[in-house]
């Protein structure tokens, strides 16, 4: 049995309801924050095989912005979860949208092809 590294322990201990740090947005103007997560992983709920994706998050902040280390831990918390493409993208979007209350937000979840299937899920708050 291997001794867990500090990163593994941090990911295991991460609780999105308490640990997703939200900071005040100090800028009144409209601007877009673009964050890419090229190493998103979760487990297929049917097979248990790993699924890989690039998540691209864009948002125009209102009163708050998300702290980058905290959102990195949140992304990595999906790594050992059995969750579908649709559920992982929607959970990620809904959690950040609820915490940040941005003026606008878009998530593109581009899952790598597996078994000749390529899935892209896009969620855009302007379509609500």
Segment 11-46, residues that are touching a helix residue (DSSP H, G or I) at 6+ places or on another chain (Cβ under 6 Å), within 12 Å of residue 76 (Cα to Cα) and not in a strand (DSSP E or B): 11, 14, 16
Checklist (1) in contact (Cβ under 8 Å) with a residue 40 or more places away in the chain; (2) surrounded by fewer than 16 Cβ atoms within 10 Å (Cβ to Cβ); (3) in contact with a strand residue (DSSP E or B) (Cβ under 6 Å, 6 or more places away or on another chain) applied to residue 38, failing item: (1)
In segment 64-86, residue surrounded by the most Cβ atoms within 10 Å (Cβ to Cβ) [restricted to those that are out of contact with any helix residue (DSSP H, G or I) (no Cβ under 9 Å at 6 or more places or on another chain) and not in a helix (DSSP H, G or I)]: 84
Qualifying residue in segment 47-63 (condition: part of a loop (DSSP other than H, G, I, E, B), in contact with a strand residue (DSSP E or B) (Cβ under 8 Å, 6 or more places away or on another chain) and closer than 22 Å to residue 10 by Cα): no
From 109, 89, residue being buried (at least 19 other Cβ atoms within 10 Å of the Cβ) and either at pLDDT below 95 or in a helix (DSSP H, G or I) (or both): 89
Any chance residue 52 is at negative phi and in contact with a helix residue (DSSP H, G or I) (Cβ under 9 Å, 6 or more places away or on another chain): no
Residues located in segment 114-124, provided they are out of contact with any strand residue (DSSP E or B) (no Cβ under 6 Å at 6 or more places or on another chain) and at pLDDT 95 or above: 118
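The values are calculated or read from the model by the stated rules, or taken from the named source; none is laboratory data. Everything numeric in this text was worked out from a predicted model, so none of it was measured. All Cβ positions, glycine included, derive from the backbone under ideal geometry; neighbour counts span all protein chains shown.
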